[in-house]
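I have placed the structure first, in the form of structure tokens, so that the comments after it can refer back to it.
The values are calculated or read from the model by the stated rules, or taken from the named source; none is laboratory data. Not measured: the values here are computed from a predicted model. Cβ atoms come from the backbone with ideal geometry, glycine included; neighbour counts cover every protein chain shown.
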Amino acid sequence: MSTVDTESLTNSRIVAAVHRVEVGALLDRYLIALDSAELDDTWAGSLFTTDAVVEFPVGRHDGIAGLAAFHRTALAKFDRTQHLNSPAVVELDGDRAHLRANLVSTQVLPSQELFVTGTVADGEAVLTGHGWRLRTLSFQLIWRTGEPPKPTSAL
């Protein structure tokens, strides 16, 4: 009969739980910042790797350079936004993690009409020397109500 090192097993479970929380918090911080923070290069660097890819149904951005400006341009179409997400399901694989969550986004148009979407957020995070960072983040539209803003220019 083999013996199980319960202390080691407990420690590895605790470490895994901490990593899952840290990865899930990346998505939380990202979404909260969309509604309330100054989106600048420091913001982008605190969440994303230098080779990050962010993809929305209406546009995509590759790399960290210009990522904050990409988001500011997209959000400028709205007077206000509110992003609500479910807890992220995080699957760890060494120094990589896959995350998935549901998201409801409410955007207030300049006309004060609402454009509301339900999406699935899907991403990959990697453990770097500065902690976990998102390498990919994509959003798949599931449903919408209201009319999106009229396109002014491509993202």
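Can you pull out the residues in the range 26-42 that are without any contact (Cβ under 8 Å) to a residue 24 or more places away in the chain, touching a helix residue (DSSP H, G or I) at 6+ places or on another chain (Cβ under 7 Å) and farther than 17 Å from LEU103 by Cα?
Result: ALA37, single match.
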- Residue satisfying condition, being in contact with a helix residue (DSSP H, G or I) (Cβ under 8 Å, 6 or more places away or on another chain) and either under 27 Å from ALA65 (Cα atoms) or in a loop (DSSP other than H, G, I, E, B) (or both), within set LEU137, LEU141, LEU92: LEU137
- Show the residue pairs that are 6+ apart or on different chains and have beta-carbon atoms under 9 Å apart, the first residue being within the range 126-155 and under 14 Å from ARG96 (Cα atoms) and of a type in the set (Val, Ile, Thr), the second being modelled with pLDDT of 95 or more and exposed (fewer than 12 other Cβ atoms within 10 Å of the Cβ). VAL126/ASP95; THR128/ASP95
- Task: Could you please give the count of residues in the range 47-102 that are under 15 Å from GLU124 (Cα atoms), among the β-branched types (Val, Ile, Thr) and touching a residue at least 24 places away in the same chain (Cβ under 8 Å)?
- Result: 4
- Query: Listed residues PHE78, PHE115; which is touching an Asp or Glu at 6+ places or on another chain (Cβ under 8 Å) and over 15 Å from THR49 (Cα atoms)?
  - Reply: PHE115
- Restricting attention to the range 103-113, which residues are surrounded by 14 or more Cβ atoms within 10 Å (Cβ to Cβ) and either in contact (Cβ under 8 Å) with a residue 24 or more places away in the chain or over 19 Å from the mean Cα position of the chain (by Cα) (or both)? LEU103, SER105, THR106, GLN107, VAL108, LEU109
